[in-house]
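Everything on this sheet refers to the single structure shown next.
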Amino acid sequence: MLFVPLPFVNALLLALVFVFLKKSNGATATRAFLMLIALCCLQSIVLGLRWGYNVDALRFVQPLLAALLPPLAYESFRGLVDQAAPGRFRLAAAPLAALVILGLMLAAPILLDSALVLLFLAYAVALARIAWRGPDGLGLARLDEAAAAHRALWLAAFCLCLSALFDLVILFDFERSGGSHAAILVSNANIVSLLLIGLAARTAGHAQTETNTEPEPAPQTATSEDAEIVARVDALMTAQHLHRDDTLNLSRLARRAGLPARQLSQAINRVCDMNVSRYVNDFRIKDVCTLLRQDGITVTEAMYRAGFSTKSNFNREFLRVTGMTPDQWRKAESRDLEQKDRMAR
């Protein structure tokens with residue numbers, strides 16, 4: 001019977017994720033995320049060959065691929081913040097990390113595992129710093145997907161920490177038992193973090209759009225200028241139905257309002273006590289309710305016409321705004337209309 005190591009199954013799943021993301025969003029808009037998923041897939045294949053079929057020569061390749069993962073993960077998610085060209089250090093981070101690891105492999109292999117642990121932890125902290133800004137910090141994410149992309153960002157940071165923890169456990173295993181459990185730990189444990197990183201990349205990549213200016217956390221007290229800004233955007237949203245654009249992001253909304261993205265985000269946060277994503281989704285839910293009052297309009301049709309692109313996000317936001325599911329709301333609306341008709345008679 002043919003033996004198929006678990007990392008190969010993981011690689012197949014990641015390959016499917018790669019194809020799905022490429023078809024749904026295109027290769028250009030999500031290039032960094034596609035590269036990240038491809039790297040996770042390649043690393044899974046190497047793990048399968050190294051520990052499943054004892055291809056010992058790959059022990060030199062495995063650390064190099066591992067060194068590329070954190071910088072590429074950071075660069076992928078950093079691309080959801082703004083479209084500013086990365087500096088020289090960011091561009092050189094991945095090859096530089098690989099060169100450092102290669103140097104340690106040749107000159108000081110005893111430091112190799114410690115260096116990888118520090119590398120993963122450092123980039124986990126960097127991702128967490130981006131995530132700490134909240135969904136509005138991901139200005140290149142579509143507003144209806146910003147929350148999902150934000151959760152994916154936290155997941156990626158967690159996975160880098162998890163990989164560092166696995167490396168520490170493997171290092172401890174070599175110290176205690178000469179690596180007797182290393183094969184199981186590496187092939188069955190690291191694939192979990194690789195798969196989760198791949199799925200996080202797929203979620204965040206699916207949310208990616210174009211161009212943005214990075215917002216910053218807003219003070220808590222609203223000003224009269226903030227109220228004027230929100231009133232202007234309210235009028236713009238109502239008159240032009242901007243929320244119906246399912247690719248709308250913070251940058252596009254700010255351009256239509258003639259405001260810096262940071263100023264717009266802060267004003268909405270202070271006046272409405274919510275992020276921009278929820279602010280726009282409130283308009284979408286109101287639009288859905290208006291559409292559902294019409295005969296012959298299905299919930300799915302109303303959802304797409306109002307600007308939602310996924311049913312899961314729509315159902316969650318509809319419940320948040322109305323306190324009911326769409327079907328429950330429609331039944332309640334029908335009962336109210338019947339009651340009004342009886343009273344009118």
Among A201, A141, A147, the single one that is in contact with a helix residue (DSSP H, G or I) (Cβ under 9 Å, 6 or more places away or on another chain) and modelled with pLDDT of 75 or more is A147
Per the filter on segment 111-138, residues at pLDDT below 90, touching an Asp or Glu at 6+ places or on another chain (Cβ under 8 Å) and part of a helix (DSSP H, G or I) are D113, G137
Within segment 233-265, residues surrounded by fewer than 16 Cβ atoms within 10 Å (Cβ to Cβ) and of a type in the set (S, T, Y) come out as T238, T247
The one condition P63 fails out of (1) surrounded by 18 or more Cβ atoms within 10 Å (Cβ to Cβ); (2) over 18 Å from G48 (Cα atoms); (3) at pLDDT 90 or above is (2)
Checking the structure you have, find out if any residue of segment 43-61 is farther than 20 Å from P5 by Cα, without any contact (Cβ under 8 Å) to a residue 60 or more places away in the chain and assigned to a helix (DSSP H, G or I). no
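Just checking, how many residues over segment 298-345 are aliphatic (A, V, I, L, M) and over 24 Å from R278 (Cβ atoms)?
Going through segment 298-345 one residue at a time, the tally reaches 3.
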Residue hits (segment 96-110; over 13 Å from L64 (Cα atoms) and either at pLDDT 90 or above or surrounded by 14 or more Cβ atoms within 10 Å (Cβ to Cβ) (or both)) are A107, A108
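Filter segment 254-310 down to the residues that are of a type in the set (S, T, Y) and more than 25 Å from the chain's Cα centre (by Cα), then identify the one that is nearest to D336 (Cα to Cα). Walk me through how you get there before you give the answer.
Of the residues in segment 254-310, the ones of a type in the set (S, T, Y) are 265, 277, 279, 290, 298, 300, 304, 309-310.
Among the residues that remain, those that are also more than 25 Å from the chain's Cα centre (by Cα) are: 290, 298.
Details: T290: 15, T298: 19 Å.
The selected residue is T290.
The values are calculated or read from the model by the stated rules, or taken from the named source; none is laboratory data. Source: prediction; values computed, not measured. Please note: Cβ atoms are built from the backbone with ideal geometry, for glycine as well, and neighbour counts cover all protein chains shown.
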